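What follows is one structure encoded as structure tokens, with my remarks underneath.
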Amino acid sequence: MPTPIEFKAPFYPERFYHIVCKSIDRLFLFPEEKDYEIFLLRFRQFNAAFFELWSYCFLKNHTHHIVRIRSKQQIADAINELPQSSTTGKMKDFVTDQSNALLFDAMIERQMNSFLVSFANYHNNKYHRKGGLFQKPFRRNEIQDEAYLQQAIIYVNANAQKHQIVKEFKDYPHSSYRGIIANDYSFLQVNEVLDFLAERMRSYNCIKARLNIIIQQIGLRLNWNNLVPEIRVSHPSGVTHPDFGMSKLYLYRQESIIRIVLS
């Protein structure tokens, strides 16, 4: 079955993406603990010049990655520092023509594919098998706003709990959660993730306080404890609220939706 077009988002500089790599036929990607380490090391080896890694979770038959594509200048500088043996034709073409969006997308996609092939070769040699290991193409969605980015970070770090592998996501050893908490700067963008989530929480508390005033003014009562701890905010262009810099706020409670328009 072909991959839907919405899961094949083109890569652009300085944008966020949720990347998912699935094994074929639900094959185990990591039969041994060492395999998780090799996967992360090779991801870094092939992609550190192109991606900032914000979150990840490695499960038995698929992996999740939240990445931010580096700027064109950062990538060009990194390519220029690579040895010639590690520089692909697409990299060389990009350095001489940084305005070509199709070339940029193709270069990033090829780099991810090279990483997946590298890990597949390692896996096949170790476990005496042949053939492909990952579904093609790998899936990627562009993360287009901060609400989606917050959701994606939480979703990825809690993914092992979602799949009932562990009771508490913080106990799972193969996600970025422990690295973020331990300030592991070896590849993760720890400060950026923590600063982003802290700012989102400050915004949440500001909105909550202001909404309580609005709700009291119109005679409603809202029990925040009954709400899913998630606020999804839309940012229609050209319309803002003086207090929040946004126009619509959606609060989700079970099967119902409370919609408050702040414009």
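Each value in this text was obtained by applying a stated rule to the coordinates, not by laboratory testing. Predicted model, so just to flag it, every value in this text is computed and none were measured. Cβ placement follows ideal geometry from the backbone for every residue including glycine, while neighbour counts extend to all protein chains displayed.
Under the combined filter of DSSP loop state and at most 12 neighbouring Cβ atoms within 10 Å, segment 1-90 retains these GluC sites (Glu not before Pro): 14, 32. Note on segment 47-129: dipole from Cβ charges, positive end direction compared against 75, 114, 51; the farthest Cα belongs to 114. Taking the Cα centre of segment 1-66 as reference, the dipole from Cβ charges on Lys and Arg (+1) and Asp and Glu (-1) amounts to some 120 debye.
Classify segment 1-85 as rounded, prolate or oblate, taking a ≥ b ≥ c as the square roots of the eigenvalues of its Cα gyration tensor: rounded when a/c is under 1.5, otherwise prolate if a/b is larger than b/c and oblate if not. Judged from the Cα gyration tensor, segment 1-85 comes out oblate (a/c at least 1.5, b/c at or above a/b). Of the trypsin sites (Lys or Arg not before Pro) found in segment 15-121, none is in coil by DSSP with at most 12 other Cβ atoms within 10 Å of its Cβ.
Based on the Cα atoms of segment 138-198, what semi-axes does the equivalent ellipsoid have, where each is the square root of 5 times one gyration tensor eigenvalue, given in whole Å with the largest first? Ellipsoid half-lengths, sorted descending, are 19, 17, 11 Å. Close lysine pairs were tallied over segment 29-128: pairs 8 or more places apart or on different chains with Cα atoms under 30 Å apart number 5. In this structure the amide hydrogen of residue 59, modeled in the peptide plane, comes within under 5 Å of the amide hydrogens of 64, none closer than 5 places in sequence on its chain. Among residues other than residue 169 with Cβ under 14 Å from its Cβ, the summed charge is +2 (Lys and Arg +1, Asp and Glu -1).
Residue 63 sits among other residues whose Cβ lies under 13 Å from its own Cβ, and their net charge, with Lys and Arg +1 and Asp and Glu -1, is +4. Sites listed here are chymotrypsin sites (Phe, Trp or Tyr not before Pro) in segment 111-187 whose DSSP assignment is loop and whose Cβ has at most 12 other Cβ atoms within 10 Å: 185.
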